[in-house]
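Here's the structure we're looking at; comments come further down.
The values are calculated or read from the model by the stated rules, or taken from the named source; none is laboratory data. Note that this is a predicted model, so its numbers are computed, not measured. Every residue, glycine among them, receives a Cβ derived from its backbone with ideal geometry; neighbour counts consider all protein chains shown. Ligands, DNA and RNA are stripped out before the accessible areas are found, and what is left, the full protein with its side chains, is counted by its heavy atoms. Shrake-Rupley method; radii C 1.70, N 1.55, O 1.52, S 1.80 Å.
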Amino acid sequence: MAYEQEINRRRTFAIISHPDAGKTTLTEKLLLYGGAIHVAGAVKSNKIKKTATSDWMEIEKQRGISVATSVMGFEYRGYKINILDTPGHQDFAEDTFRTLTAVDSVIIVVDAAKGVEAQTRKLMQVCTMRKTPVMIFVNKMDREGKDPFDLLDELEAELGIGVRPLSWPINMGMKFKGVYNIYQEKLNLYTPDKQKVSETVAVDIDSAELDAMVGEDDAAKLRQDLELIDGVYDPFDVKDYLAADIAPVFFGSALNTFGVRELLDCFVEIAPAPLPVEAEERRVVPTEEAFTGFVFKIHANMDPNHRSCIAFVKVCSGRFERNVNYKHIRLGKMLKFSAPTAFMAQKKETVDEAYAGDIVGLPDTGNFKIGDTLTSGEELHFKGLPSFSPEMFKYIENADPMKTKQLNKGLEQLMGEGVAQLFTHANNNRKIVGTVGQLQFEVIEYRLLHEYGAQCRWEPISLYKACWIESDDAAEIENFKRRKFQYIATDKDGRDVFLAESGYLLQMAQADFPKIRFHFTSEF
């Protein structure tokens with residue numbers, strides 16, 4: 001029984017949003033409530049400039065954006081919470097897509113002034129596809145923004161999901177007075193403070209006490225709004241939320257630590273415990289005794305003093321234990337791990353055991369690739385970890401011949417992380433890096449120099465798409481490779497890739513070689 005209780009008290013979720021909606025700030029404040037940090041912005045890069053706990057890579061502190069998904073765990077009210085803070089910037093969307101395969105629910109952060117933005121829409125599609133339960137936090141209520149009712153309509157229309165407000169703001173911007181917590185029927189009065197938490201008062205909505213607290217006009221408007229909410233929206237039903245049909249909405253200001261506790265209290269109560277995961281062979285249920293898990297992310301250089309990689313493993317079922325042999329399915333060999341770690345952003349501690357729903361970091365000496373499965377012995381393959389076809393390409397050249405070894409090592413580790421894709425041209429053996437966005441080239445160059453001491457130089461190459469090719473007819477593949485020799489490359493796993501210079505050339509190739517399948521994600 002204790003074993004099932006351990007699993008049922010786990011809550012593993014990702015925080016996603018468009019850049020600058022306040023996602024990393026919200027993560028900080030959740031950690032503040034969990035007692036995991038005691039002052040927000042607790043990681044100081046110097047005395048003046050405070051940076052976020054979850055943004056620990058040097059480049060993230062400089063740019064003020066999240067580049068990699070970071071994993072943090074803490075205890076709150078008897079629950080074990082695992083947060084994955086994801087990059088909002090679209091150039092790192094692939095990292096975020098993969099992270100969404102490892103979580104059971106999602107919190108979306110929306111800027112009250114800007115509403116739903118492009119990146120949020122794209123990420124919501126992934127949640128819809130996977131039927132992941134979603135909660136929405138409307139942030140920055142302490143600034144002027146859109147009318148809350150208009151925002152709710154926009155959320156429904158843009159995200160394609162029903163919404164139900166569970167807290168409601170009293171004014172906004174300069175006149176912002178607080179939120180009424182519909183879920184707990186309490187009033188939360190606003191006092192702006194970036195470090196501490198404001199108090200909550202239980203108050204009857206029809207009492208004169210409310211008028212005294214927020215003023216008669218605002219109290220009247222709040223009663224009117226709540227009546228309208230009850231009239232327009234169905235009563236909140238947890239079943240609808242868990243089925244991903246309804247998204248509860250909370251209002252607040254993450255920067256001022258306001259409205260965050262309501263979100264967290266409601267979240268731990270209603271969010272799903274670890275859910276079953278689909279493998280190719282069967283459905284894996286979290287409460288099974290045998291351990292199973294998959295690698296959804298690999299990160300190089302968590303510690304700049306050691307050139308180590310860490311593979312992030314989502315535990316899907318059973319209990320993971322230190323120093324126990326587990327089977328690496330792709331390699332077909334048994335491995336044991338003497339120093340598995342749990343994370344609090346960059347700080348990590350060795351753990352002896354982890355349960356379904358937890359994220360464990362395993363030191364990696366080159367054994368793991370994204371998507372690898374680990375089990376107690378059963379042959380299982382978890383699915384759904386795509387790499388997308390890149391949209392931007394550049395030749396990467398070594399700018400310092402004395403550092404060839406460092407460059408190759410750095411490229412191998414960064415590509416293993418899934419930061420970008422590396423192709424080797426069959427014609428001239430030159431290396432081509434393919435990314436989803438321009439910013440990734442800058443990140444790669446920066447990390448090669450600062451983490452591996454290797455300098456690279458980019459050279460332009462005009463390509464439209466890279467697609468993986470396969471066919472049941474080996475002769476047809478050989479014929480294709482011979483005729484398109486100058487457009488053929490291999491990826492880091494040695495698979496054949498066709499580099500199309502234009503959409504027209506790609507269409508022509510597809511028409512001329514009907515027996516060949518062209519894939520635009522690496523998972524096939």
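Tabulated results
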item: Strands (runs of 3 or more DSSP E) enclosed by the range 324-396 - at least 2 residues per element that are at pLDDT below 80; result: 341-344, 347-350
item: Flag if E397 is among the charged types (D, E, K, R), within 30 Å of P19 (Cα to Cα) and surrounded by fewer than 19 Cβ atoms within 10 Å (Cβ to Cβ); result: no
item: Any strands (runs of 3 or more DSSP E) falling wholly within the range 98-180 and containing at least 1 residues that are within 23 Å of R223 (Cβ to Cβ) and not small (G, A, S); result: 134-139, 162-165, 167-170
item: Scope the range 116-162; condition free of Cβ contacts under 8 Å to residues at least 60 places away in the same chain, more than 22 Å from L226 (Cβ to Cβ), open to solvent by less than 70 Å² (accessible area, probe 1.4 Å) and not hydrophobic (A, V, I, L, M, F, W, C); matching residues; result: G160
item: Filtered residue count, the range 236-262, keeping only those that are modelled with pLDDT of 85 or more and either among the charged types (D, E, K, R) or closer than 17 Å to Q184 by Cβ (or both); result: 12
item: Condition check for V197: of a type in the set (A, V, I, L, M), out of contact with any Pro (no Cβ under 6 Å at 6 or more places or on another chain), under 27 Å from T12 (Cβ atoms) and modelled with pLDDT under 80; result: yes
item: Out of V285, V315, V295, V238, sole residue that is more than 18 Å from S105 (Cβ to Cβ) and of a type outside the set (D, E, K, R); result: V295
item: Breaking point among (1) closer than 23 Å to V351 by Cα; (2) modelled with pLDDT of 50 or more; (3) open to solvent by less than 10 Å² (accessible area, probe 1.4 Å), for I15; result: (1)
item: Yes/no for R447 being in contact (Cβ under 8 Å) with a residue 40 or more places away in the chain and under 36 Å from the mean Cα position of the chain (by Cα); result: yes
item: Count of residues meeting criterion [within 9 Å of the chain's Cα centre (by Cα), modelled with pLDDT of 80 or more and among the basic types (K, R)] in the range 71-129; result: 0
item: Pick from the range 225-256, criterion more than 20 Å from D147 (Cα to Cα) and charged (D, E, K, R), ranking: surrounded by the fewest Cβ atoms within 10 Å (Cβ to Cβ); result: K239
item: Test result for L407, buried (at least 22 other Cβ atoms within 10 Å of the Cβ) and modelled with pLDDT of 80 or more; result: yes
item: Scan of the range 368-383 for residues that are farther than 13 Å from Q413 by Cβ and open to solvent by less than 40 Å² (accessible area, probe 1.4 Å), ordered by number; result: G371, D372, T373, L374, T375, G377, L380, F382
item: Only one of E227, E289 that is modelled with pLDDT of 85 or more, of a type in the set (D, E) and assigned to a helix (DSSP H, G or I); result: E227
item: Enumeration of residues in the range 240-286 that are in a loop (DSSP other than H, G, I, E, B), under 22 Å from the mean Cα position of the chain (by Cα) and of a type in the set (D, E); result: D245
item: Boolean, A157 is at pLDDT 85 or above and farther than 18 Å from F250 by Cβ; result: yes
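For (1) within 17 Å of G434 (Cβ to Cβ); (2) hydrophobic (A, V, I, L, M, F, W, C); (3) at pLDDT 85 or above, each residue gets a yes or a no:
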| position | (1), (2), (3) |
| --- | --- |
| D472 | no, no, yes |
| E478 | no, no, yes |
| R482 | no, no, yes |
| Y487 | yes, no, yes |
| T490 | yes, no, yes |
| R495 | yes, no, yes |
| F498 | yes, yes, yes |
| A511 | no, yes, yes |
